[in-house]
1. Taking the mean number of other Cβ atoms within 10 Å as a proxy for protection, how do you rank 24-34, 53-63 from highest to lowest?
2. Quick one: Debye curve from the alpha-carbon atoms of the chain only, equal weights, vacuum; give me log10 I(q)/I(0) at q = 0.07, 0.08 Å⁻¹ to two decimals.
3. For the chain, what does the helix formula give at 222 nm: sum of -39500 (n - 2.57) over DSSP H segments with n ≥ 4, over the residue count, nearest 500 deg cm²/dmol?
4. Give the Debye-formula value of log10 I(q)/I(0) at each listed q (0.21, 0.26, 0.28 Å⁻¹), with one equal scatterer per alpha carbon of the range 98-165, two decimals each.
5. What fraction of the DSSP beta bridges in the chain is antiparallel, stated in percent and rounded to the nearest 5?
6. Suppose all protein chains stay in the model; what accessible area per residue would a 1.4 Å probe give for the range 76-205, in Å²?
7. Let me see the P(r) profile for the range 129-265: every Cα-Cα distance counted, bins of 10 Å, each bin given as a percent of all pairs.
8. Cα-based Rg of the range 1-76 per 2.2 N^0.38 Å, rounded to two decimals?
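The values are calculated or read from the model by the stated rules, or taken from the named source; none is laboratory data. Since this is a predicted model, take the numbers as computed values, not measurements. Here Cβ is always computed from backbone atoms with ideal geometry, including for glycine, and neighbour counts include all displayed protein chains. Accessible surface is based on the protein model in full, side chains and every heavy atom, while ligands, DNA and RNA are left aside. Shrake-Rupley method; radii C 1.70, N 1.55, O 1.52, S 1.80 Å.
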Amino acid sequence: MKMKIAILPGDGIGTEIVAEAVKVLDALAPMYGLKFETETALVGGAAYEAHGHPLPESTLKLAQAADAILFGAVGDWKYDKLDRHLRPEQAILGLRKHLGLFANFRPAICYEQLVNASSLKPELVAGLDILIIRELTGDIYFGQPRGRRTATDGHFPGTEEAFDTMRYSRPEIERIAHVAFQAARKRKAAGSAGKVTSVDKANVLETFQLWKDVVTEVGLQYPDIALDHMYIDNAAMQLVKEPKKFDVVVTGNMFGDILSDEASMLTGSIGMLPSASLNAKNQGLYEPSHGSAPDIAGKGIANPLATILSAAMMLRFSLNQAAAADHIESAVKSVLAAGFRTSDIYSAGTTRVSTREMGDAVVTAIGKTAIKTTIKG
Ligand code: IPM
Ligand code: MG
């Protein structure tokens, strides 16, 4: 089967880390009889430089026509002064909106070998495996109206004010709630608690009272899954107090943005965390949870594992190749067990490697685990 993958490396370390993930996919393809048809395009600041827009029509078309998109990262401080609609971040927001990528999966897994890299006590994070599901195409990110005007009321009438609209419709909440309950069910079958925590601010916001009501209703269809509700402020606190209490967390776009950054730090290394953003057709965009890190771009020291693990999520979610996805994930674990570390996860007694050496190590590990995994798949 031929699979069309749009490769969008973007800015900063994007090019280096995506190259390693592509290398891993290429190594895996012959073992599973997969044929990847890949095409690369510019996105973010790189696209702005070349075409005057962070998401040129040609890049958007390529993404729309693909089965899956492998995305690096976008952004650089040097674009901070551009109009908002031309900033690199608009590329990722535009892709989410145009492709309807409403379901964002952000797992936070603390790898056994990296327990000491977390800023939290090892016993709080050892064995941590939670999944944040963030709604990605609604909320205050996309709500209309938004803009600036002269205030006619409020605390300072007659002065300049800005406003954004927080907004969710019932079907938008229903579909993300189903995604969360189904994910919790799948995880339960694999040994997790079978619990969804819905994070809201229903005590203050009408939008999130509707959110809570709808998630509760949808939850009735999943009697095998426990549901609890938590206010965002409390959730932010509980996440550092007792992170292992969580299983699946479902929340809106804005709260999910914040909570997923917080959760990533529990694992000690944002350089390890993949993510997937899916639409109703299971077409998906796969990207590391971290950003473009312009400060270390071009130095060959970035950690490619989050992108390599994003490629694994791509195989699992959009390309229906669970065995190949498992294969990548076990290769990454064995590389960590063998002591290979990029600078961000380096500690005394381990072997410091470059971006490329880390990619090579994963490719080698894939070769070594081939027979076992092929039989399992
Ligand atoms: C993320 C990022 C984006 C967001 C930015 C780059 C627009 O922070 O993917 O979490 O806010 O969604
Ligand atoms: Mg973010």
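1. Peptide ranking by packing, descending: 53-63, 24-34.
2. Taken in order of the listed q values, log10 I(q)/I(0) reads -0.31, -0.41.
3. That comes out to -13000 deg cm²/dmol.
4. -0.87, -1.07, -1.13
5. 40
6. Value returned for the range 76-205: 53 Å² of accessible area per residue.
7. Over the range 129-265, the share of Cα pairs per 10 Å bin runs 12, 39, 30, 12, 5, 1 percent.
8. Taking the Cα Rg and dividing by 2.2 N^0.38 Å, one obtains 1.13.
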